[in-house]
1. Which FRET efficiency value, to the nearest 0.05, is calculated for Gln174 and Ser87 with the Förster distance at 35 angstrom and r the Cβ-Cβ distance?
2. Taking only protein heavy atoms and a 1.4 Å probe, what accessible area per residue, in Å², does the chain have with all protein chains in place?
3. Once both labels are modelled 7 Å past Cα along the beta-carbon direction, what's the Ala206-Ser284 spacing in nm?
4. In a GNM of the chain with a 10 Å cut-off on Cα contacts, which of Lys123, Lys297, Lys103 has the highest mean-square fluctuation?
5. Okay, helix-only estimate at 222 nm for the chain: each DSSP H run of n ≥ 4 adds -39500 (n - 2.57), divide by all residues, round to 500 deg cm²/dmol; what do you get?
6. Give the angle, between 0 and 90 degrees and rounded to the nearest 10, that separates the Cα long axis of helix 94-104 from the longest principal axis of the Cα atoms of the chain.
7. Scan (i) 37, 21, 18; (ii) 34, 22, 20; (iii) 32, 25, 17 for the value of semi-axes √(5λ) of the Cα gyration tensor in Å calculated from this model and give just the label.
8. Pull out the extension gain between His224 and Phe149, defined as 0.36 nm times the separation in residues minus the alpha carbon to alpha carbon distance; nm, one decimal.
Amino acid sequence: MEGFTTTTTKASAQPLENADVLIASVETFIFDCDGVIWKGDKLIDGVPETLDMLRSKGKRLVFVTNNSTKSRKQYGKKFETLGLSVSEEEIFASSFAAAAYLKSINFPKDKKVYVIGEDGILKELELAGFQYLGGPEDGEKKIELKPGFLMEHDKDVGAVVVGFDRYFNYYKVQYGTLCIRENPGCLFIATNRDAVTHLTDAQEWAGGGSMVGAICGSTQREPHVVGKPSTFMMDYLAVKFGILKSQICMVGDRLDTDILFGQNGGCKTLLVLSGVTTLSMLQSPNNSIQPDFYTNKISDFLASKAATV
(Lines give C-alpha, C1' and ligand atoms only; values in the text may rest on other atoms or scores of the structure.)
Protein backbone atom coordinates (compact mmCIF):
# COMPACT_ATOMS: atom_id res chain seq x y z
CA MET A 1 0.00 0.00 0.00
CA GLU A 2 3.00 2.31 0.24
CA GLY A 3 2.54 3.41 -3.34
CA PHE A 4 -0.71 5.12 -2.37
CA THR A 5 0.62 7.30 0.45
CA THR A 6 1.30 10.97 -0.19
CA THR A 7 4.86 12.20 0.00
CA THR A 8 5.50 14.89 2.58
CA THR A 9 8.66 16.60 3.67
CA LYS A 10 7.82 16.01 7.35
CA ALA A 11 6.73 12.97 9.30
CA SER A 12 3.12 12.87 10.48
CA ALA A 13 2.29 15.08 13.45
CA GLN A 14 2.48 13.42 16.88
CA PRO A 15 -0.12 13.96 19.62
CA LEU A 16 1.36 16.07 22.42
CA GLU A 17 1.81 13.47 25.14
CA ASN A 18 4.52 15.10 27.25
CA ALA A 19 4.08 18.87 27.33
CA ASP A 20 6.85 19.30 29.92
CA VAL A 21 9.49 18.08 27.46
CA LEU A 22 8.33 20.57 24.82
CA ILE A 23 8.11 23.43 27.34
CA ALA A 24 11.62 22.72 28.62
CA SER A 25 13.07 22.80 25.09
CA VAL A 26 11.53 26.16 24.20
CA GLU A 27 12.50 29.68 25.25
CA THR A 28 9.78 31.59 23.40
CA PHE A 29 6.20 30.62 22.58
CA ILE A 30 4.54 32.47 19.72
CA PHE A 31 0.76 32.19 19.90
CA ASP A 32 -1.75 32.92 17.20
CA CYS A 33 -4.76 34.67 18.76
CA ASP A 34 -8.06 33.83 17.05
CA GLY A 35 -8.81 30.13 17.54
CA VAL A 36 -5.98 29.71 20.08
CA ILE A 37 -6.48 32.42 22.74
CA TRP A 38 -10.04 33.45 21.86
CA LYS A 39 -12.83 32.83 19.38
CA GLY A 40 -14.51 36.07 18.33
CA ASP A 41 -14.82 37.87 21.68
CA LYS A 42 -14.88 34.74 23.85
CA LEU A 43 -11.82 33.49 25.72
CA ILE A 44 -10.99 29.80 25.18
CA ASP A 45 -11.11 27.74 28.40
CA GLY A 46 -7.92 27.47 30.43
CA VAL A 47 -5.98 30.20 28.61
CA PRO A 48 -5.19 32.51 31.59
CA GLU A 49 -3.87 29.63 33.73
CA THR A 50 -1.76 28.31 30.84
CA LEU A 51 -0.13 31.67 30.12
CA ASP A 52 0.51 32.23 33.84
CA MET A 53 2.17 28.80 34.11
CA LEU A 54 4.44 29.46 31.11
CA ARG A 55 5.44 32.89 32.45
CA SER A 56 6.19 31.33 35.85
CA LYS A 57 8.66 29.04 34.06
CA GLY A 58 10.41 32.08 32.56
CA LYS A 59 9.11 31.65 29.02
CA ARG A 60 8.80 34.64 26.69
CA LEU A 61 5.31 34.90 25.20
CA VAL A 62 4.57 36.63 21.90
CA PHE A 63 1.17 36.98 20.26
CA VAL A 64 1.05 37.16 16.47
CA THR A 65 -2.17 37.73 14.56
CA ASN A 66 -2.94 38.09 10.87
CA ASN A 67 -5.99 40.20 11.71
CA SER A 68 -5.12 43.75 10.61
CA THR A 69 -8.31 45.49 11.79
CA LYS A 70 -6.67 46.55 15.07
CA SER A 71 -3.37 48.20 15.97
CA ARG A 72 -1.11 46.75 18.67
CA LYS A 73 -2.54 49.26 21.15
CA GLN A 74 -6.11 48.21 20.29
CA TYR A 75 -5.17 44.53 20.65
CA GLY A 76 -3.69 45.35 24.04
CA LYS A 77 -7.12 46.65 25.07
CA LYS A 78 -8.79 43.45 23.81
CA PHE A 79 -6.43 41.29 25.90
CA GLU A 80 -7.18 43.53 28.90
CA THR A 81 -10.94 43.26 28.36
CA LEU A 82 -10.60 39.47 28.36
CA GLY A 83 -8.68 39.64 31.65
CA LEU A 84 -5.25 38.85 30.20
CA SER A 85 -2.14 40.84 31.11
CA VAL A 86 -0.25 41.26 27.83
CA SER A 87 1.99 44.21 26.98
CA GLU A 88 1.97 46.03 23.65
CA GLU A 89 5.59 44.89 23.10
CA GLU A 90 4.40 41.27 23.09
CA ILE A 91 1.81 41.83 20.34
CA PHE A 92 2.53 41.62 16.63
CA ALA A 93 -0.44 42.20 14.34
CA SER A 94 -0.21 42.20 10.56
CA SER A 95 -1.25 45.88 10.65
CA PHE A 96 2.02 46.58 12.48
CA ALA A 97 3.90 44.26 10.09
CA ALA A 98 2.78 46.34 7.10
CA ALA A 99 4.19 49.54 8.65
CA ALA A 100 7.34 47.74 9.85
CA TYR A 101 7.92 46.34 6.35
CA LEU A 102 7.65 49.80 4.76
CA LYS A 103 10.16 51.08 7.33
CA SER A 104 12.52 48.17 6.63
CA ILE A 105 12.69 49.03 2.92
CA ASN A 106 13.05 52.79 3.58
CA PHE A 107 9.76 53.60 1.88
CA PRO A 108 10.01 57.33 0.97
CA LYS A 109 8.22 59.61 3.44
CA ASP A 110 7.07 61.85 0.58
CA LYS A 111 5.12 58.95 -0.95
CA LYS A 112 1.63 57.94 0.20
CA VAL A 113 0.06 54.61 1.07
CA TYR A 114 -3.43 53.74 -0.17
CA VAL A 115 -5.16 51.50 2.37
CA ILE A 116 -7.82 48.92 1.61
CA GLY A 117 -8.44 47.88 5.19
CA GLU A 118 -9.53 49.13 8.58
CA ASP A 119 -8.41 51.39 11.39
CA GLY A 120 -5.56 49.18 12.64
CA ILE A 121 -3.48 49.72 9.49
CA LEU A 122 -4.10 53.49 9.53
CA LYS A 123 -2.99 53.78 13.19
CA GLU A 124 0.21 51.79 12.62
CA LEU A 125 1.12 53.78 9.48
CA GLU A 126 0.54 57.00 11.40
CA LEU A 127 2.78 55.84 14.27
CA ALA A 128 5.49 54.96 11.74
CA GLY A 129 5.25 58.44 10.17
CA PHE A 130 3.78 57.47 6.79
CA GLN A 131 1.18 59.45 4.83
CA TYR A 132 -1.92 57.47 3.94
CA LEU A 133 -5.34 57.74 2.34
CA GLY A 134 -8.29 55.39 1.95
CA GLY A 135 -9.37 53.10 4.76
CA PRO A 136 -12.90 52.97 6.20
CA GLU A 137 -13.90 56.44 4.92
CA ASP A 138 -13.67 55.21 1.32
CA GLY A 139 -16.30 52.61 2.21
CA GLU A 140 -18.91 55.34 1.76
CA LYS A 141 -17.75 56.29 -1.75
CA LYS A 142 -19.59 55.19 -4.85
CA ILE A 143 -18.79 55.37 -8.54
CA GLU A 144 -21.49 56.72 -10.83
CA LEU A 145 -20.63 55.34 -14.23
CA LYS A 146 -21.59 57.57 -17.15
CA PRO A 147 -20.23 57.94 -20.70
CA GLY A 148 -16.64 59.18 -20.73
CA PHE A 149 -16.24 58.99 -16.92
CA LEU A 150 -12.62 58.70 -15.81
CA MET A 151 -11.67 58.09 -12.19
CA GLU A 152 -8.76 60.18 -10.93
CA HIS A 153 -6.20 58.82 -8.48
CA ASP A 154 -3.28 60.26 -6.50
CA LYS A 155 -0.04 59.88 -8.48
CA ASP A 156 1.99 60.11 -5.23
CA VAL A 157 0.71 56.75 -3.96
CA GLY A 158 3.76 54.48 -3.80
CA ALA A 159 2.17 51.49 -2.05
CA VAL A 160 -1.25 49.88 -1.76
CA VAL A 161 -1.78 47.92 1.47
CA VAL A 162 -4.66 45.45 1.47
CA GLY A 163 -6.04 43.85 4.64
CA PHE A 164 -9.35 42.59 5.95
CA ASP A 165 -12.00 45.20 5.20
CA ARG A 166 -15.68 45.09 6.17
CA TYR A 167 -16.21 48.28 4.13
CA PHE A 168 -14.79 46.82 0.92
CA ASN A 169 -16.41 48.14 -2.25
CA TYR A 170 -15.91 48.72 -5.97
CA TYR A 171 -14.50 52.22 -5.43
CA LYS A 172 -11.59 50.77 -3.44
CA VAL A 173 -10.96 48.02 -5.98
CA GLN A 174 -10.72 50.56 -8.80
CA TYR A 175 -8.65 53.07 -6.83
CA GLY A 176 -6.15 50.47 -5.66
CA THR A 177 -5.97 48.98 -9.14
CA LEU A 178 -5.22 52.36 -10.74
CA CYS A 179 -2.43 53.06 -8.24
CA ILE A 180 -0.78 49.66 -8.74
CA ARG A 181 -1.12 49.63 -12.51
CA GLU A 182 -0.41 53.26 -13.34
CA ASN A 183 1.93 54.63 -10.64
CA PRO A 184 5.52 53.62 -11.55
CA GLY A 185 7.01 51.26 -8.96
CA CYS A 186 3.87 51.18 -6.79
CA LEU A 187 4.07 48.32 -4.27
CA PHE A 188 1.22 45.87 -3.66
CA ILE A 189 1.37 44.68 -0.02
CA ALA A 190 -1.04 42.26 1.63
CA THR A 191 -1.30 41.93 5.40
CA ASN A 192 -2.39 38.30 4.91
CA ARG A 193 -4.30 35.96 2.62
CA ASP A 194 -6.43 34.11 5.18
CA ALA A 195 -9.43 32.51 3.49
CA VAL A 196 -11.65 32.76 6.57
CA THR A 197 -11.79 34.63 9.87
CA HIS A 198 -13.82 34.41 13.10
CA LEU A 199 -15.85 37.61 13.36
CA THR A 200 -18.17 35.73 15.71
CA ASP A 201 -17.86 32.37 17.43
CA ALA A 202 -20.97 31.13 15.56
CA GLN A 203 -19.45 30.57 12.10
CA GLU A 204 -16.54 31.26 9.77
CA TRP A 205 -16.56 34.47 7.74
CA ALA A 206 -14.78 35.40 4.51
CA GLY A 207 -11.24 36.52 5.41
CA GLY A 208 -8.74 39.10 4.17
CA GLY A 209 -7.75 36.78 1.34
CA SER A 210 -11.00 37.63 -0.43
CA MET A 211 -10.08 41.35 -0.59
CA VAL A 212 -6.50 40.57 -1.66
CA GLY A 213 -7.84 38.18 -4.30
CA ALA A 214 -9.96 40.92 -5.86
CA ILE A 215 -6.91 43.18 -6.31
CA CYS A 216 -4.83 40.27 -7.65
CA GLY A 217 -7.57 39.67 -10.20
CA SER A 218 -7.78 43.26 -11.42
CA THR A 219 -4.03 44.02 -11.45
CA GLN A 220 -2.73 40.58 -12.51
CA ARG A 221 -0.08 41.09 -9.81
CA GLU A 222 0.83 39.01 -6.76
CA PRO A 223 1.25 40.90 -3.47
CA HIS A 224 4.15 40.92 -1.05
CA VAL A 225 2.61 39.28 2.04
CA VAL A 226 3.89 40.53 5.41
CA GLY A 227 1.72 38.39 7.71
CA LYS A 228 1.84 34.63 8.28
CA PRO A 229 3.07 32.39 6.64
CA SER A 230 5.62 34.94 5.29
CA THR A 231 8.80 34.90 7.38
CA PHE A 232 8.92 38.71 7.70
CA MET A 233 7.38 38.80 11.20
CA MET A 234 9.44 35.81 12.37
CA ASP A 235 12.68 37.44 11.19
CA TYR A 236 11.63 40.73 12.80
CA LEU A 237 10.89 39.00 16.14
CA ALA A 238 14.15 37.03 16.09
CA VAL A 239 16.15 40.24 15.63
CA LYS A 240 14.10 42.34 18.08
CA PHE A 241 14.31 39.84 20.94
CA GLY A 242 17.59 38.15 19.96
CA ILE A 243 15.87 34.75 19.83
CA LEU A 244 17.33 31.61 18.29
CA LYS A 245 14.63 30.24 15.99
CA SER A 246 15.35 26.68 17.14
CA GLN A 247 14.19 27.74 20.63
CA ILE A 248 10.84 29.08 19.42
CA CYS A 249 7.57 27.12 19.28
CA MET A 250 4.79 28.45 17.06
CA VAL A 251 1.33 27.55 18.39
CA GLY A 252 -1.60 28.00 16.02
CA ASP A 253 -4.89 26.62 14.75
CA ARG A 254 -4.28 26.96 10.99
CA LEU A 255 -2.03 24.76 8.91
CA ASP A 256 -1.55 27.08 5.93
CA THR A 257 -0.72 30.20 7.97
CA ASP A 258 0.40 29.40 11.55
CA ILE A 259 2.10 26.04 11.08
CA LEU A 260 3.63 27.00 7.74
CA PHE A 261 4.83 30.26 9.36
CA GLY A 262 6.64 28.28 12.05
CA GLN A 263 8.10 25.81 9.57
CA ASN A 264 9.24 28.55 7.18
CA GLY A 265 10.95 30.21 10.15
CA GLY A 266 12.72 27.05 11.30
CA CYS A 267 10.75 26.71 14.57
CA LYS A 268 9.02 23.92 16.43
CA THR A 269 5.28 23.83 15.69
CA LEU A 270 2.21 22.87 17.70
CA LEU A 271 -1.27 22.73 16.17
CA VAL A 272 -4.26 23.23 18.47
CA LEU A 273 -7.66 21.91 17.38
CA SER A 274 -9.60 24.72 19.10
CA GLY A 275 -9.97 26.82 15.94
CA VAL A 276 -10.11 26.28 12.18
CA THR A 277 -8.28 22.97 11.69
CA THR A 278 -9.95 19.69 12.67
CA LEU A 279 -8.22 16.36 13.28
CA SER A 280 -9.69 14.98 10.04
CA MET A 281 -8.26 17.96 8.11
CA LEU A 282 -4.84 17.38 9.70
CA GLN A 283 -4.89 13.67 8.90
CA SER A 284 -6.34 14.02 5.39
CA PRO A 285 -4.16 12.45 2.67
CA ASN A 286 -4.52 15.78 0.81
CA ASN A 287 -2.81 17.73 3.60
CA SER A 288 0.96 18.03 3.24
CA ILE A 289 1.52 20.47 6.14
CA GLN A 290 2.38 18.48 9.26
CA PRO A 291 3.19 20.21 12.57
CA ASP A 292 5.60 18.60 15.01
CA PHE A 293 2.78 18.08 17.52
CA TYR A 294 -0.97 18.58 17.86
CA THR A 295 -3.33 18.84 20.84
CA ASN A 296 -6.90 19.97 21.57
CA LYS A 297 -6.18 23.36 23.16
CA ILE A 298 -3.31 25.19 24.83
CA SER A 299 -4.58 24.37 28.33
CA ASP A 300 -3.45 20.78 27.61
CA PHE A 301 -0.06 22.16 28.70
CA LEU A 302 -1.49 22.09 32.23
CA ALA A 303 -2.41 18.40 32.17
CA SER A 304 1.24 17.35 32.06
CA LYS A 305 2.06 19.76 34.89
CA ALA A 306 -0.78 18.37 37.03
CA ALA A 307 0.37 14.82 36.40
CA THR A 308 3.87 15.60 37.72
CA VAL A 309 2.77 17.36 40.90
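The values are calculated or read from the model by the stated rules, or taken from the named source; none is laboratory data. Computed from a predicted model, the values in this text were never measured in an experiment. Reconstructed Cβ throughout: ideal geometry from the backbone, glycine too, with neighbour counts over all protein chains shown. Side chains included, ligands, DNA and RNA excluded: accessible areas come from the protein's heavy atoms. Shrake-Rupley method; radii C 1.70, N 1.55, O 1.52, S 1.80 Å.
1. Efficiency for this residue pair is about 0.30.
2. That works out to 47 Å² for each residue.
3. 2.1 nm
4. Lys103
5. After summing the helix terms and dividing by residue count, I get -9500 deg cm²/dmol.
6. 70 degrees
7. (i)
8. Full-extension gain reported as 23.8 nm.
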